[in-house]
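As structure tokens, the structure follows; a few thoughts come after it.
Each value in this text was obtained by applying a stated rule to the coordinates, not by laboratory testing. Computed from a prediction, not measured in an experiment: that's the story for all the values here. When we count neighbours, we look across all protein chains shown, and the Cβ atoms used for this are built from the backbone with ideal geometry, even at glycine.
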Amino acid sequence: MKFYICREKGEPKPFRIAIIGAGPAGLTAAGYLACRGYEVHVYEKMPEGGGMVAFGIPEVRIPIKAVREGVKDLEKLGANFHFRTKVVYDSPRELGDEWAERFISLERLLSEFDALLIATGAWRPRKLKIPGVELSGVYDALTLLHHIKMARIGYYSWDRIPDFKGKHVVVIGAGYTAVDVAIEGRLLGAEKITMVYRRGLEHSYAKAEIRKLISEGVEFIEFATPVRIIGEGGVQGVEFAKTRIEEGNVITTDEHFLLDADIVAYAIGQLPTSPIREVVCASEEILKDAGIFFAGDVVAPRNIGTAMREGKARAKEIEEWLLKKAPKRVFPVSMAARLVNQVINGKC
Ligand SMILES: Cc1cc2nc3c(=O)[nH]c(=O)nc-3n(C[C@H](O)[C@H](O)[C@H](O)COP(=O)(O)OP(=O)(O)OC[C@H]3O[C@@H](n4cnc5c(N)ncnc54)[C@H](O)[C@@H]3O)c2cc1C
């Protein structure tokens, strides 16, 4: 997998750039900047690079080998990687943190580097808030997929993964994560998989993938939303309400139905996980003036292609900013830290 193709490496430049997050956005930015001759350091909490592509997307869709080759190319180009290193400011505990062995503060990076790119993705699953969600056998699909992927590539033992054999799996949602949990469910031996979506198939950006799953035997129920998970000790079923769409909004009706279930996996969205919490609601312009840039899923949901394009676009902006503003003089560290504080304390 090529994150960046460098045709000719530029002369060394006198600026150092830190990139937080080695997903598609951070890796493409690292490739661009290393190719232009900048000193690039990538900080990544996981043991290797690739982000969701390495640690979320199923191995049958994108093999880890391809991701590793792409990261190796960037190392050869001169990008410096600091794996198992989490950058912290006010970060809460997030998915994947167990892999971090070192913690480095955002302030320290601000003092040691000329510019910063935050490309930390969206690793916090949106929680389903209905009765019964705490029953055993109910999972958020992102965590489940992450654990399955870690088992497939040798970081986890399989006894941490639920047994899918002969089970009926109900998947709530119709995005990439829902699709992938259905794919893994089938591969792990589930007898039946039912996907349920509160809108219509046509509304899903993953409709092509879902059509393929339907042709392979996955059941897809559209216009229904879960209201309650049923079971004693473990999950036994899910109660849904039918929905209709009015002026783009989902309206829940009084018409209910039940589905039996042995495993429920909900994939109802992911939230950005920036080392500066809620940072995206802050004025990005203020942060840019302090030399802090953002790219990829941490800004808003993207896909691999758009995250890579955005990584490259932000890297170009960083370059322009470095050349025009000579940041060390215009924004000394204390000023940058103060701006970050203003954003955290006042604006969000
Ligand atoms: C299950 C699933 C399936 C998908 N399928 C597809 C698909 O088929 N096609 C497609 O185009 N897109 C797909 N996507 C979306 C795609 O994976 C993302 O849009 C893309 O990975 C975003 O790239 P990113 O670099 O912004 O973030 P990520 O890939 O999430 O990478 C962010 C990186 O930052 C690291 N990080 C986070 N916080 C810190 C910190 N504080 N310190 C250090 N490191 C940190 C994380 O460990 C991670 O490695 C899928 C997503 C998921 C979850």
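Tabulated data for the structure shown
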item	result
P(r) of segment 178-259 over all Cα-Cα pairs, binned every 10 Å from zero, in whole percent	17, 42, 35, 6, 0
Segment 89-149: trypsin sites (Lys or Arg not before Pro) in DSSP loop, at most 12 other beta carbons within 10 Å	93, 127, 129
Tail beyond 19 Å, pair distance distribution of segment 55-210 (Cα, percent)	65 percent
J(HN,Hα) series, segment 126-136, from Karplus relation 6.51 cos²θ - 1.76 cosθ + 1.60, nearest Hz, glycine and proline x	5, 7, 7, 10, 9, x, x, 5, 7, 5, 5
Charged-residue dipole, Cβ positions (Lys, Arg, Asp, Glu), segment 127-266 about Cα centre, Debye nearest 20	380 debye
All Cα pairs of segment 87-156, percent lying beyond 21 Å	46 percent
Cα convex hull of segment 127-266, projected area averaged across orientations, nm²	8.4 nm²
Segment 1-92 shape via C-alpha gyration tensor axes, a/c threshold 1.5	oblate
Which of 291, 217, 275, positive extreme of dipole for the chain (C-beta unit charges)	291
The chain, dipole about Cα centre (Lys/Arg Cβ +1, Asp/Glu Cβ -1), debye to the nearest 20	1100 debye
Dimensionless Rg over Rh [the chain; C-alpha; Kirkwood]	1.01
Given the chain, longest segment not containing exposed loop GluC sites (Glu not before Pro) (DSSP; at most 12 other Cβ within 10 Å)	248-348
Debye log10 I(q)/I(0) at q = 0.09 Å⁻¹ for segment 175-328, Cα point scatterers	-0.46
